[in-house]
Amino acid sequence: MSQFLELLISGLSLGCIYALIAMGFVIVFKATNVVNFAHASVLMLGAYLVSRWHSGLGFFGAVGAAAVVCAVTAALCDVILVRPLRRRRGGTDALAILTIGINILIGTELVRRVGTGLLPTGAPWGSDVTHFLGVAVPQTRLAAATVAIVLMAGFWAAFKYSDWGVALRSTAADPEAAALMGIRLNRVAAGAWALGGALAAIGGAFFTSFPASGVNNTTGLLALTAIPAAVLGGLDSTAGAVVGGLTIGVATTFAAGYQDEISFLGRGLSEVVPYIVLLAVLLWRPSGLFGSREIARV
């Protein structure tokens, strides 16, 4: 039972990080109807910058600076690369493929810079743990869960009550009607990409901190695990991003924790569990748990 509780708490804390990363996917999708695969490389960029800057700026200063850089980078990707294709009425498939290309370009350069080493993020909690309900939980994960909950609550409030939130919801519901009402769609899209980039940087800083070993050349690939979390909950649902992130976090942690008991399924099962869960849900509900179902008139 103690192992079960430890894995559950650890999985929920990891799930909060996944939820924060998945929120970036959802924000961009709601504003532009684009599945942003470049989100993974932006996350790696944020984690890389934190690992380079934490000695001079401190961990929180480095996270803040990395969030700004990643926000600008993501916004520029939208303005320079995505927006021209969107103006030419490029379909959602073409836009998604474009983001895959952006992800490869940024990720390849980051892999070259990281090399074969491990870059610590300099989180002030180090490997310290806190005992909660009789189990040891890394303080970094508790801090990550706290930050994720605060940021997600802040986003929900802004999405619900601010003018930007109204513009984003209107754009997601009916872009043509929103444009006729004076909402600048390009500005909303760039803002969504910027916010998604900032969330990716913050999530990446905690994603690569203890008990993770640090930033390495596979961080971008591991970050893609957040895509099943976003799709699982529903790409157009912020609540779904939270539920999907928690589900993937718990499933991954339990698969890794009980690896010896399920060794007959093969080693490394925890790496594919997110996609197994995703496949099972999508076979039952293709739009995700909380996604909107498309209605076609015939």
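Tabulated data
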read-out: Criterion: crowded, with 24+ Cβ neighbours inside 10 Å, within 17 Å of Ala67 (Cβ to Cβ) and of a type outside the set (Asp, Glu) - qualifying residue of Gly233, Gly204; value: Gly204
read-out: Search result, residues across the range 128-156 that are hydroxyl-bearing (Ser, Thr, Tyr) and out of contact with any strand residue (DSSP E or B) (no Cβ under 7 Å at 6 or more places or on another chain); value: Thr140, Thr146
read-out: Number of positions in the range 171-197 that are hydrophobic (A, V, I, L, M, F, W, C), farther than 21 Å from His39 by Cα, open to solvent by 20 Å² or more (accessible area, probe 1.4 Å) and assigned to a helix (DSSP H, G or I); value: 4
read-out: Criterion (more than 20 Å from Ile21 (Cα to Cα) and part of a helix (DSSP H, G or I)) met by exactly one of Leu222, Leu232, Leu246, Leu283; value: Leu283
read-out: Residues of the range 92-105 satisfying the condition of being open to solvent by 40 Å² or more (accessible area, probe 1.4 Å) and either under 21 Å from Ala198 (Cα atoms) or out of contact with any helix residue (DSSP H, G or I) (no Cβ under 7 Å at 6 or more places or on another chain) (or both); value: Thr92, Asp93, Ile97, Leu98, Ile100, Ile104, Leu105
read-out: Filter result (open to solvent by 60 Å² or more (accessible area, probe 1.4 Å), under 30 Å from Phe59 (Cα atoms) and of a type outside the set (A, V, I, L, M)) within the range 147-170; value: Trp156, Trp164
read-out: Neighbours by Cβ (under 8 Å, 6+ apart or cross-chain): first from the range 148-171, in contact (Cβ under 8 Å) with a residue 12 or more places away in the chain; second crowded, with 16+ Cβ neighbours inside 10 Å and not in a helix (DSSP H, G or I); value: Ala167/Ile183; Ser170/Ile183; Thr171/Ile183
read-out: Any hit, the range 251-261, residues being among the β-branched types (Val, Ile, Thr) and either closer than 25 Å to Ile149 by Cα or buried (at least 16 other Cβ atoms within 10 Å of the Cβ) (or both); value: yes
read-out: Counted residues, the range 218-276 - those being in contact (Cβ under 8 Å) with a residue 60 or more places away in the chain and of a type in the set (Asp, Glu); value: 1
read-out: Within the range 131-146, tally of residues that are touching a helix residue (DSSP H, G or I) at 6+ places or on another chain (Cβ under 8 Å) and either open to solvent by 50 Å² or more (accessible area, probe 1.4 Å) or in a helix (DSSP H, G or I) (or both); value: 9
read-out: Which numbered condition Val72 misses (of (1) open to solvent by 60 Å² or more (accessible area, probe 1.4 Å); (2) at pLDDT below 95); value: (2)
read-out: Search result, residues across the range 82-91 that are open to solvent by less than 80 Å² (accessible area, probe 1.4 Å) and not in a loop (DSSP other than H, G, I, E, B); value: Val82, Arg83, Pro84, Leu85, Arg86
read-out: Subset of the range 111-125 (residues that are touching a helix residue (DSSP H, G or I) at 6+ places or on another chain (Cβ under 8 Å) and either surrounded by fewer than 17 Cβ atoms within 10 Å (Cβ to Cβ) or in a loop (DSSP other than H, G, I, E, B) (or both)); value: Arg113, Pro120, Thr121, Gly122, Ala123, Pro124, Trp125
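Residues are listed down the side, and each one gets a yes or a no for (1) β-branched (Val, Ile, Thr); (2) more than 15 Å from the chain's Cα centre (by Cα); (3) over 23 Å from Ser41 (Cβ atoms):
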{"residue": "Leu224", "(1), (2), (3)": "no, no, no"}
{"residue": "Val231", "(1), (2), (3)": "yes, no, no"}
{"residue": "Leu246", "(1), (2), (3)": "no, no, yes"}
{"residue": "Arg267", "(1), (2), (3)": "no, yes, yes"}
{"residue": "Ser270", "(1), (2), (3)": "no, yes, no"}
{"residue": "Leu278", "(1), (2), (3)": "no, yes, no"}
{"residue": "Phe290", "(1), (2), (3)": "no, yes, yes"}
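The values are calculated or read from the model by the stated rules, or taken from the named source; none is laboratory data. Everything numeric in this text was worked out from a predicted model, so none of it was measured. Here Cβ is always computed from backbone atoms with ideal geometry, including for glycine, and neighbour counts include all displayed protein chains. Note: areas computed on protein heavy atoms with side chains; ligands, DNA, RNA excluded. Shrake-Rupley method; radii C 1.70, N 1.55, O 1.52, S 1.80 Å.
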